[in-house]
Amino acid sequence: MMRALVSALALGAASPALAQTLAITGSKLVIGDGSAPIENGTVLIINGRVTAAGKGIAIPAGTETVDAKGKWVTPGLVAGFTRVGLAGVDAVDPSNDTAANGAAFQIAIDIAPAINPDHPAMAITRAAGVTRAIVSPDAASGAIFGGQGAVIDTGSDADPITKPRAFMFVEYGESGARRAGGSRPAWFAGFRAAVAEARGLGGENPLLRKQDAQALLPVVNGQMKLLVHAESANDIRGLLSLKREFPMLDLVIVGAAEGWRVADALAAAKVPILASALTDLPNSFEQLGSTQSNVGRMKAAGVTVGIGMIDDEDTRQAQYSAQYAGNLVALTRVPGATGLDWNAAFAAISSKPAEAIGMGGEIGSLRPGRRGDVVIWDGDPLELSSAAQAVWIDGVKQSLSTRQTRLRDRYADPAAEALPKAYVR
Amino acid sequence: MTNAVRPEVWAEHSVWPQDPGFSRALANGGVTALQILPGSANLFGGRSVTLKNVYANTVQGMKFPGAPYGLKMACGENPKRTYGGRGQMPQTRMGNMAVNRATWIRAVDYKRKLDKGETVTRDLQMETLAGVLSGEILVHNHCYRADEMAQVIDMAKEFGYKVTAFHHAVEAYKIAPLLKENDICSAMWADWWGFKMEAYDAINENIPLVHKAGACAIVHSDDANGIQRLNQEAAKALADGRRVGINIPDEVAWTWLSFNPAKALGIADKTGSLKPGKMADVVLWNGNPLSVYTRPEKVWVDGALMFDAKDPKRRPVSDFELGQPGEGDVK
């Protein structure tokens, strides 16, 4: 994104489409950091970054101003765990880069080049007000390591990568045990061996290719986040013990259906969670204790929790972020349930996933210095009847047109016309 | 997935009455009746069953009294892929239609013998299909693409049966007047799309566009999670419609998850609205049920209070979950 902007500005092409300096005024303004909405707020973006947001913000003379009276203005949503941009159509293998079952490599896999801004999921996600996403590879069938994921923007330009190689993804739990050969102890043995090989301490018959071992070194040194998928309380405890064994690991747990059962331990270990918000069925033996109160209970215990969507239509449906967050607010009105208040629920789809991935200073809120990712909504962004009306990414106004809106417009009137529908554009 | 023609199987023989999903559909979704269908790998999938959402030790104890059976059929990619991958019929969409029509020819012949009073050896496949031809069993046809739905409509006319509902019907908006003309319901998602090629042209306004054309629109789930949020799916579709000028009142949109599905299940004379004489299947919501912030507070089935958010003793916990972590605390 930034590269395109810089070249455009160098050419002096400061067209309105590329305006990076603007003020959006008069709205119900949500900062995204868990604070309450501000009535009649203004957000000021200069050179693609937020410089100020709140009440009574001074707007420099000559700044393009957008009146958002009666609207809600928020930071762009951050989808906490997705595979957006990795598949055109999931079931069409050549268009699907989520996993590489026949690959010689696992850890060395870097998904950044595969992220395709032309996949329809990118525009559909953007049109739902989701401007950034944590995008993970999936592990191949015989591997526990999926490879290196990225943080992306959902903009319509040619450069979707915000941060390449932002983290390493690993499958643990039932899926990881199966990949490791059939048991959790086998997974631990494999993980420890991989760490040793990354440190150059492997034996004569290494498990990893040299490129995989090298790619793991930043994880072992704590320079790269380690995102591990686990669901059960016992598996989460296992990962916390792994972190005690290797204190340098910068661990983030993904899924965590039973996180509520170990919430205090997670809080004490300061391990953030990218949780599946509404998982409430015992779909597997590692998810027996699933409950919609999971996120609320972890938050109440002091855990940093963002909403993620692992294995939940994760190539396409990041547009559910707001609905999921809204459902957690609904729980606050259900006796015996634990949800999130509105401000915390919004943070769970903006600043919290950003913080979990270590990018809270860049994205996920409208605090000064953050990227100019802003959405104008026609109502409460968590409510089902609301929609994004305008989206900026890095201060650049985005198109909200998608394949879906084009098809809708073509078929809005079913009556036969002079020419077949194929001519209606 | 052993043969593309399996009308002899009945979903009720596979229903697990202790499935924890029933409690979630009740407590989070306010679902009081539901149809359970066989999968879509086969052209003829078998009989569906309609249940009351009340736990019982047996599926017999859950069956909706007087509900007709349905026949699950499937178009498109699933049967084509399942059998084509093995080099078997039907390998293509034209193979789908050829196997379908050959099967209906047998069924018409079987029914003719029955109607004449001839002695026939009982044939479970043909019994179900003869039930369709006589109108006692309702056809629920999994079908995504508009062109395929039109092919199925022609086939139904060829053999003299009626399609009650197309399921998924992601391209129903392209042929909504045809669906109205043939009195066929479409059971749709609000915004599922793109997981396979035949779902590529899904649009968020499918439900309101079908409704606007005067055809029968249904919000369905086909999913253990989606069934907990049918009200939310309807709300999204309603809002998406209004944004393009399709102004459907809230109470009319509610038919998408009450009266219209009851009609497609053949039980609209018994449930699906609050008219005098109908079963007392009622949900008390703690707010506007088209809001994301709203949940069921109480759910009655046949007038019996089966869920009460304020009374833990009125929250069902299946045998499977008893004594397990969380004990089915769905909230």
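The values are calculated or read from the model by the stated rules, or taken from the named source; none is laboratory data. None of the values given here were measured: they were computed from a predicted structure. Glycine gets a Cβ as well: all are built from the backbone with ideal geometry, and neighbour counts include every protein chain shown. We work out accessible area using only protein heavy atoms, side chains counted, and drop any ligands, DNA or RNA first. Shrake-Rupley method; radii C 1.70, N 1.55, O 1.52, S 1.80 Å.
One residue stands out among those in the range A:285-341 that are basic (Lys, Arg) and without any contact (Cβ under 8 Å) to a residue 60 or more places away in the chain: the one that is most open to solvent (accessible area, probe 1.4 Å), which is A:333.
The residues on offer are A:197, A:174, and the sole one that is open to solvent by 10 Å² or more (accessible area, probe 1.4 Å), part of a helix (DSSP H, G or I), within 20 Å of residue A:254 (Cα to Cα) and not assigned by TED's automatic domain parsing to the domain that holds residue A:396 is A:174. Residue count for the range A:81-101, restricted to those that are touching a helix residue (DSSP H, G or I) at 6+ places or on another chain (Cβ under 6 Å) and either among the charged types (D, E, K, R) or not assigned by TED's automatic domain parsing to the domain that holds residue A:153 (or both): 1. The set of residues in the range A:384-393 that are in contact (Cβ under 8 Å) with a residue 60 or more places away in the chain and out of contact with any Asp or Glu (no Cβ under 7 Å at 6 or more places or on another chain) comprises A:384, A:388, A:390, A:391.
Scanning the range B:170-215 for residues that are within 18 Å of the chain's Cα centre (by Cα), assigned to a loop (DSSP other than H, G, I, E, B) and among the small types (Gly, Ala, Ser) yields B:190, B:215.
Put simply, of A:46, A:59 the only residue that is out of contact with any strand residue (DSSP E or B) (no Cβ under 6 Å at 6 or more places or on another chain), among the aliphatic types (A, V, I, L, M) and open to solvent by 40 Å² or more (accessible area, probe 1.4 Å) is A:46.
Quick one: how many residues across the range B:64-95 are within 15 Å of the chain's Cα centre (by Cα) and closer than 21 Å to residue B:302 by Cα? Qualifying residue count, the range B:64-95: 4. Could you tell me whether the range A:387-399 includes any residue that is among the charged types (D, E, K, R), open to solvent by 20 Å² or more (accessible area, probe 1.4 Å) and out of contact with any strand residue (DSSP E or B) (no Cβ under 9 Å at 6 or more places or on another chain)? Checked the range A:387-399: no residue is among the charged types (D, E, K, R), open to solvent by 20 Å² or more (accessible area, probe 1.4 Å) and out of contact with any strand residue (DSSP E or B) (no Cβ under 9 Å at 6 or more places or on another chain). Among the conditions (1) more than 9 Å from every other protein chain (Cβ to nearest Cβ); (2) open to solvent by less than 20 Å² (accessible area, probe 1.4 Å); (3) under 28 Å from residue B:67 (Cα atoms); (4) in a helix (DSSP H, G or I), residue B:218 misses just one, which is (4). Please specify each residue of the range A:134-159 satisfying the condition of being assigned to a loop (DSSP other than H, G, I, E, B) and buried (at least 24 other Cβ atoms within 10 Å of the Cβ). Across the range A:134-159, the qualifying residues are A:136, A:137, A:138, A:139, A:143, A:144, A:154, A:155. Criterion applied to B:237, B:262 was being within 27 Å of residue A:279 (Cβ to Cβ), modelled with pLDDT of 95 or more, surrounded by 15 or more Cβ atoms within 10 Å (Cβ to Cβ) and among the aliphatic types (A, V, I, L, M), and the one residue passing it is B:237. Exactly one residue among B:39, B:29 is open to solvent by 20 Å² or more (accessible area, probe 1.4 Å) and either out of contact with any Phe, Trp or Tyr (no Cβ under 7 Å at 6 or more places or on another chain) or over 30 Å from residue B:286 (Cα atoms) (or both), and that residue is B:39.
Yes/no per residue for (1) farther than 20 Å from residue B:38 by Cα; (2) at pLDDT 95 or above; (3) open to solvent by less than 30 Å² (accessible area, probe 1.4 Å); (4) within 14 Å of chain A (Cβ to nearest Cβ):
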site: B:134; (1), (2), (3), (4): yes, yes, no, no
site: B:140; (1), (2), (3), (4): no, yes, yes, no
site: B:155; (1), (2), (3), (4): yes, yes, yes, no
site: B:165; (1), (2), (3), (4): no, yes, yes, no
site: B:171; (1), (2), (3), (4): yes, yes, yes, yes
site: B:179; (1), (2), (3), (4): yes, yes, yes, yes
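The number of residues in the range A:92-101 that are without any contact (Cβ under 8 Å) to a residue 60 or more places away in the chain and either among the acidic types (Asp, Glu) or part of a strand (DSSP E or B) (or both) comes to 2.
Looking at A:192, A:209 in this structure, which one is open to solvent by 40 Å² or more (accessible area, probe 1.4 Å) and touching a residue at least 60 places away in the same chain (Cβ under 8 Å)? Testing whether each residue is open to solvent by 40 Å² or more (accessible area, probe 1.4 Å) and touching a residue at least 60 places away in the same chain (Cβ under 8 Å) leaves just A:209. In the set (1) closer than 19 Å to residue B:1 by Cβ; (2) open to solvent by 30 Å² or more (accessible area, probe 1.4 Å), residue B:109 fails one condition alone, (1).
For first residues located in the range A:408-423 and at the interface with chain B (Cβ under 8 Å from one of its Cβ atoms), partners that are open to solvent by less than 50 Å² (accessible area, probe 1.4 Å) and acidic (Asp, Glu) and lie 6+ apart or on another chain with Cβ distances below 7 Å form the pairs A:408/B:205. For the range A:102-128, taking the residues that are assigned to a loop (DSSP other than H, G, I, E, B) and touching a helix residue (DSSP H, G or I) at 6+ places or on another chain (Cβ under 7 Å), the one that is least open to solvent (accessible area, probe 1.4 Å) is identified as A:107.
Could you identify the single residue in A:67, A:110 that is at pLDDT 95 or above and more than 21 Å from the chain's Cα centre (by Cα)? A:67 is the lone residue from the list that is at pLDDT 95 or above and more than 21 Å from the chain's Cα centre (by Cα). In the range A:78-97, the qualifying residues are those that are of a type outside the set (Gly, Ala, Ser) and more than 15 Å from the chain's Cα centre (by Cα), and the one that is nearest to residue A:272 (Cα to Cα) is A:97. Taken together, the residues in the range A:367-389 that are within 18 Å of the chain's Cα centre (by Cα) and part of a loop (DSSP other than H, G, I, E, B) amount to 5. The numbered conditions (1) touching a Gly at 6+ places or on another chain (Cβ under 9 Å); (2) within 11 Å of another protein chain (Cβ to nearest Cβ); (3) surrounded by fewer than 23 Cβ atoms within 10 Å (Cβ to Cβ); (4) closer than 30 Å to residue B:143 by Cβ are all true for residue B:232 except (3).
For (1) open to solvent by 40 Å² or more (accessible area, probe 1.4 Å); (2) more than 9 Å from chain A (Cβ to nearest Cβ); (3) over 19 Å from residue A:278 (Cβ atoms), each residue gets a yes or a no:
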position	(1), (2), (3)
B:281	no, yes, yes
B:289	no, yes, no
B:294	no, no, no
B:301	no, yes, yes
B:307	no, yes, no
B:310	yes, no, yes
B:314	yes, yes, yes
B:320	yes, no, yes
B:326	no, no, no
